[in-house]
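Student: The structure is given below, and queries will be raised subsequently.
The values are calculated or read from the model by the stated rules, or taken from the named source; none is laboratory data. Nothing here was measured: the structure is a model prediction, and the numbers come from that model. Using ideal geometry, Cβ is built from the backbone for each residue, glycine included, and neighbour counts are taken over all protein chains shown. Accessible surface areas use protein heavy atoms only, side chains included; no ligands, DNA or RNA. Shrake-Rupley method; radii C 1.70, N 1.55, O 1.52, S 1.80 Å.
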Amino acid sequence: MKSDRLSLGSKLKEFEKEFSKLIGSPYAIGVTNGTSGLHLCMKSIDLKPGDEVITSPFSFISSSNCILFCNAKPVFADIDSKTYNIDPEQIAQKITNKTKAILPVHVFGQPCDMKSIMEIAYEHDIPVVEDACESIGAEYDGKKVGTFGLSAVFSFYANKQITTAEGGMIVTKDEKIYKLCKSLSNQGRDNDDLNWLIHNRLGYNYRLDELSCALGLAQLRKLDFILKNREQIAKEYNKHLSKVDGITVPFVDPDAKHTWFLYVIKLDSSISRNKTIEYLRSKGIETKAYFFPPIHLQPFYKEMFGFKNGDFPICEEVSNSVLALPFFTGMEKSDIEVVCRTLEEAIK
Ligand SMILES: *Cc1c(COP(=O)(O)O)cnc(C)c1O
């Protein structure tokens, strides 16, 4: 607040530099949120009407909306029943000569099978844009998410592992993509100091302000603690719930490092999720069916594309039976115990 720059100042440069170092990607671009970051990544690969992008129906809606922002077509591929991430075999079946990109989403902090996805991408020479909004610090095969694809997007929304209230970051290994996204985020300018009123392309105001960047820098310093703490909380939940009948605890891929955005359990089909949510709520415990409904069954997607129940059976089965439990950095063991005890009462 005391500095003389509230936008496009030194905090943005510092935050971008620290973030690119953290992920191990050469370039980073601070943006207003994860959604605007995804929009710019889609713009930067020159997505046009009629182009197709393959993505997951089991995600937060903006990972697919960013394709619609460019008037292109999201093509969904069903998910893996254990990781809840897009299934590479399903991706392979959806590739056509209109496929312009693959947009995998690392859901809940669990990285996608990036080895198989990158093999498909190389084989067909298609760029990959990672939605890493929920997975800062996650690793696959010893490599950080965000470094596999051409570009990747992280979010700092209030419920993410680290937050700037609202905010996001694009990372890329490609200098051209970096320059283009930077310009698109800043009204189509190619330079923020000189030529302030020269706009070389149709751009947006997706700049991340200095106050948010200052918050982000402070949060980055706590990231190790935050991720370790969340892992401990997940382990504590596992300890209580892994042997409870009717509950499947989150799967952790042995090839991967999970970073715990949420703790999401799966309920047996014999258990009513709604009744479970209601019972827990009556005891003062808030839980959520996450992600429900899946993207293809959102009202305007059904209307636009004619999607219906049964189109993506694994995604729908998962979506109908998952439940996100209370989960936040600093959650006390005694609170976890209360949640688990009450949950057991509820499903009985
Ligand atoms: C949070 C999130 C986004 C969007 O990020 P915002 O910063 O809220 O715009 C996109 N994709 C996924 C998977 C997310 O969880």
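Student: Report the residues of region 114-139 in range of a label on ASP253: point 7 Å along Cα→C-beta, backbone N strictly under 16 Å from it.
Tutor: Residues 114-122, 128-139 fall inside that zone.
Student: Still on this structure, please answer the following. Output ³J(HN,Hα) for region 156-162: one whole-Hz value per residue in order, computed from phi by the Karplus curve 6.51 cos²θ - 1.76 cosθ + 1.60 with θ = phi - 60°, and x for Gly and Pro.
Tutor: 10, 4, 3, 8, 7, 4, 10
Student: Excluding ligands, DNA and RNA, what is the solvent-accessible area per residue of the chain at a probe of 1.4 Å, expressed in Å²?
Tutor: Result: 47 Å² of accessible area for each residue.
Student: Extending each Cα 7 Å along its Cβ direction at LYS179 and ASP141, get the distance between those two points in nm, one decimal.
Tutor: 3.1 nm
Student: For the peptides 69-80, 194-205, what is the packing order when you average, over each peptide's residues, the other Cβ atoms within 10 Å and list the highest mean first?
Tutor: By packing density, highest mean first, the sequence is 69-80, 194-205.
Student: If each DSSP helix of 4+ residues adds -39,500 (n - 2.57) and the sum is divided by the residues in the chain, what number results at 222 nm, nearest 500 deg cm²/dmol?
Tutor: After summing the helix terms and dividing by the residues of the chain, the value is -12000 deg cm²/dmol.
Student: Based on the Cβ-Cβ distance from ASP125 to SER282, what FRET efficiency comes out when R0 is 56 Å, to the nearest 0.05?
Tutor: The formula returns an efficiency of 0.55 here.
Student: Now, a different point. Leaving ligands, DNA and RNA out of it, report the carbon-plus-sulfur percent of the accessible area of region 250-314 at a 1.4 Å probe.
Tutor: It is 52 percent, rounded to a whole number.
Student: Find out how many positive minus negative residues lie around GLU175, taking Lys and Arg as positive, Asp and Glu as negative, among other residues whose Cβ is under 15 Å from that of GLU175.
Tutor: +1
Student: Follow-up question, since we're still on this one. If the limit is 20 Å between Cα atoms, which of LYS73/LYS100; LYS43/LYS144; LYS100/LYS182; LYS115/LYS179 go over it?
Tutor: LYS43/LYS144; LYS100/LYS182; LYS115/LYS179
Student: For an R0 of 35 angstrom, estimate the FRET efficiency from the Cβ-Cβ distance between ARG5 and ASN200 and round to the nearest 0.05.
Tutor: It comes out at approximately 0.90.
Student: Of SER212, PHE156, MET331, which is farthest along the charge dipole of the chain in the positive direction, counting Lys and Arg as +1 and Asp and Glu as -1 at C-beta?
Tutor: SER212
Student: Which shape class applies to the chain: rounded if a/c is under 1.5, otherwise prolate when a/b exceeds b/c and oblate if not, where a ≥ b ≥ c are the square roots of the Cα gyration tensor eigenvalues?
Tutor: oblate
Student: Now a separate question. How high is the relative contact order of region 37-141, in percent, counting Cα pairs under 8 Å that sit 6 or more residues apart?
Tutor: 26 percent
Student: Let me ask something additional. Distance between the C-alpha centers of region 92-164 and region 10-48? Whole Å please.
Tutor: 14 Å
Student: Something else: For each pair in LYS176/LYS228; LYS143/LYS239; LYS243/LYS288; LYS21/LYS143, compute the distance between the two Cα atoms and list the pairs where it is over 24 Å.
Tutor: Beyond 24 Å: LYS176/LYS228; LYS143/LYS239.
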